[in-house]
Every structure is written in C-alpha cells, then in structure tokens.
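Here is the structure we will look at.
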Amino acid sequence: MMLRMILMVLLVIVMIVSDSAQLVAGRRFGRYRVAPSLSPNKTLEGYVGGLAASLAYGVAVHGWPVGDLLHVARPSQETA
C-alpha cells in the first residue's frame with residue numbers, strides 16, 4: 001500500500017516537472033504547432049522540452065539508469 005502511494009506521488013511530481021518544462025520550452029522556443037484545431041498553443045518544442053526535463057529529473061533525482069531508458073546493451077558483469 002505504501003509503495004503504491006510513493007509511486008503515485010512520484011508520478012505526480014514527474015507530471016508537474018514535464019508540464020512546467022513544456023510550458024517554458026513552448027513559450028521560449030515554440031515554432032511548430034502540433035494540433036492547432038485541438039489546442040492552438042501546443043508546440044513540438046514544448047513536447048520535446050517536457051520529455052527532456054522529465055528524463056533529466058528522473059536521472060538526477062531518482063537515479064534512473066540512462067542506458068536502460070534508451071535500451072542500450074551493457075556488457076555482462078559475469079566473472080569466471
């Protein structure tokens with residue numbers, strides 16, 4: 001039960017980081033509109049900024065392994 005609560009809080013924090021970064025990146029660098037008929041202020045740069053900030057937050061704060069996120073193969077740790 002406690003683990004679920006912790007994961008839920010972490011999910012909300014990542015969503016806040018992503019949303020804030022999307023806003024800042026979209027306003028600062030936004031050039032290409034994604035779906036103007038649905039939401040006129042959403043930009044591709046905002047989405048990329050949110051993704052980058054979420055990954056950076058995860059790596060910096062929670063120690064997410066970047067290699068695992070990018071599906072990069074690591075050498076085996078086996079010893080003979």
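The values are calculated or read from the model by the stated rules, or taken from the named source; none is laboratory data. Just so you know, these numbers come straight off a predicted model, no measurement behind them. So basically every Cβ, Gly included, is an ideal-geometry build from the backbone, and we count neighbours across all protein chains shown. The area values use the complete protein model at the heavy-atom level, side chains included, leaving out ligands, DNA and RNA. Shrake-Rupley method; radii C 1.70, N 1.55, O 1.52, S 1.80 Å.
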ask   = Which condition breaks for residue 73 when tested against (1) among the aliphatic types (A, V, I, L, M); (2) open to solvent by 80 Å² or more (accessible area, probe 1.4 Å); (3) at pLDDT 90 or above?
value = (3)
inquiry  = For the range 35-57, give me each residue that is within 18 Å of the chain's Cα centre (by Cα) and in a loop (DSSP other than H, G, I, E, B).
reply    = 42
query = Being out of contact with any Pro (no Cβ under 7 Å at 6 or more places or on another chain), in a loop (DSSP other than H, G, I, E, B) and either modelled with pLDDT under 80 or open to solvent by 50 Å² or more (accessible area, probe 1.4 Å) (or both), is that true of even one residue in the range 9-31?
reply = yes
message = Need the failing condition index for residue 42 against (1) loosely packed, with under 15 Cβ neighbours inside 10 Å; (2) modelled with pLDDT under 95, just the number.
response = (1)
inquiry  = Can you tell me which condition residue 35 does not meet? The list is (1) touching a Lys or Arg at 6+ places or on another chain (Cβ under 7 Å); (2) at pLDDT 90 or above, and all the others hold.
reply    = (2)
